[in-house]
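As structure tokens, the structure follows; a few thoughts come after it.
The values are calculated or read from the model by the stated rules, or taken from the named source; none is laboratory data. All figures in this text were calculated on a predicted structure; none of them were measured in a lab. With ideal geometry, Cβ positions are generated from the backbone for all residues, glycine too; neighbour counts draw on all protein chains shown. Side chains included, ligands, DNA and RNA excluded: accessible areas come from the protein's heavy atoms. Shrake-Rupley method; radii C 1.70, N 1.55, O 1.52, S 1.80 Å.
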Amino acid sequence: MPPSASPPRIFDRELLRRRLDRAAPGYAGADFLKRRAAGDLVMRLEAIMRDFPRAVDLGARNGAFAQALAQSDAAPRVGLLVEADLSGPMLAGRGGMRVQADEERLPFAAASLDLVVSTLSLHWANDVIGALVQARLALKPDGLFIGALFGGATLTELRQALTAAELELTGGAGPRVSPFADPSDAAGLLQRAGFALPVADVDRVTVRYDHPLRLMADLRRMGETSVLAERHPRPLTRAVLARACEIYARDFADPDGRLPATFEILTLTGWSPSETQQKPLRPGSAKMRLADALGAVEQSVPGTKPQRS
């Protein structure tokens, strides 16, 4: 199912694939955020008492979702789970159904899936709404999508420190950290993609480091370093990096000297539209007044008429 139109090219997806390929051998050493997001998605599935015969995990990486699901009460309700990832090496070395696939060009037939999950990969899509539309089209009516992606406050400390250092030393600054979705837009992404009953919430995680270079090393192991298509015209110099580390420590250090790094995880839940789903009543179609339903005494405001609930 190809995208309906060519999206703006914000990210270099081929560079992302190479970064993920390179990160694959050591990914397990820095997968703590992936495991947190995967565990959260599995907990949400546990509360949904229905079966999902065919499911796909987009951006599966090292299989954190499948591992969390296997230890969950929801496992018997999920049948075939296909793990998909942009990087072939990320999928290597384990059993189960796996397919190397790009979230921007999904290979799944229309209305063929009951469940699509995605943990911390869709923030690299050039067209997040287009990717969500493809996921919705692959779902059967009343199929479920649950996804987690990084939000706008992610790496705010690093972003500020790099910008301040570059401004100070070179007189100008460009993007060094990728942009992320704003939490206020999260539910709107699902609505624009055509999902019903959209829900979005935010989980802020603070990870503490003894030095900014430790954070940057983790980002490389995750395959999460910037892949902006319009990369900064000047390479990051040692002088700018050293000054950024000083600013990071000066402006953000905790009392014990350790340095916080913020990761904001947006979780989106939506359903493929179906005639069987609950729908809101039309305005004015209620059969009972709110006061009657609550057993309260209704007080009319002069110039108004009692309203039915």
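In this structure Val205 has an accessible area near 10 Å², from a 1.4 Å probe over the protein heavy atoms. Expressed as a whole percent, the accessible area of region 203-270 that falls on carbon and sulfur atoms is 51 (1.4 Å probe). For Leu137, the solvent-accessible surface with a 1.4 Å probe is about 80 Å², rounded to the nearest 10.
The residues neighbouring Gln67, those whose beta-carbon lies less than 13 Å from its own, together hold a net charge of +2 under the Lys/Arg +1, Asp/Glu -1 convention.
Were the residues from Ala229 through Gln71 laid out at 0.36 nm apart, the gain over their Cα-Cα distance would be 53.0 nm. In the context of the full protein assembly, Leu167 retains an accessible surface of approximately 90 Å², using a probe radius of 1.4 Å and ignoring ligands and nucleic acids. Computing FRET efficiency as 1/(1 + (r/R0)^6) for Ala239 and Val99, where r is the C-beta to C-beta distance and R0 is 51 Å, gives about 0.70. For region 77-176, the C-alpha radius of gyration sits at 1.44 times the compact-globule guess of 2.2 N^0.38 Å, with N the residue count. As a length-normalised measure over Cα pairs under 8 Å and 6 or more apart, the relative contact order of the chain settles at 21 percent. What is the log10 of I(q)/I(0) for region 1-125, computed with the Debye formula using one identical point scatterer on each Cα and no solvent, at q = 0.16, 0.18 Å⁻¹? With one equal scatterer per Cα and no solvent, log10 I(q)/I(0) is -0.80, -1.00. Heavy atoms of the protein chains alone define the surface here; on that basis region 1-78 has 49 Å² accessible area per residue at 1.4 Å probe size.
Split the accessible area of region 73-171 by element, probe 1.4 Å, and carbon with sulfur accounts for 58%. For the residues Arg61, Arg50, a 1.4 Å probe over the protein chains yields an accessible-area ranking, largest first, of Arg50, Arg61. Separation of region 180-220 from region 103-175 is 8 Å, based on Cα centroids. Identify which of the listed values of Rg/Rh (Cα atoms, Kirkwood Rh) was calculated from the structure shown: (i) 1.16; (ii) 0.97; (iii) 1.06. Identified label for the calculated read-out: (iii). Secondary-structure-derived ellipticity at 222 nm for the chain, considering helices only, amounts to -9500 deg cm²/dmol, per-run term -39500 (n - 2.57) for DSSP H runs with n ≥ 4.
Roughly what angle does helix 156-170 make with the longest principal axis of the chain, taking Cα atoms, 0 to 90 degrees, to the nearest 10? Taking the Cα atoms of the chain, the angle to 156-170 is about 40 degrees. Using only Cα atoms, find the angle between the long axis of helix 32-46 and the longest principal axis of the chain, and express it within 0 to 90 degrees, rounded to the nearest 10. Orientation of helix 32-46: about 10 degrees from the principal axis. Only Cα pairs within less than 10 Å get springs; with that Gaussian network setup on the chain, which residue of Ala196, Ala110, Ala153 has the largest fluctuation? Maximum fluctuation in the GNM of the chain, among the listed residues, is at Ala110. Return one number: the angle in degrees, 0 to 90 and rounded to the nearest 10, between the long axis of the Cα atoms of helix 212-222 and the longest principal axis of the Cα atoms of the chain. Tilt of helix 212-222: around 60 degrees. Placing unit charges on each Cβ (+1 for Lys and Arg, -1 for Asp and Glu) gives the chain a dipole about its Cα centre, and among Ala165, Ser118, Ala249 the Cα reaching farthest toward its positive end belongs to Ser118.
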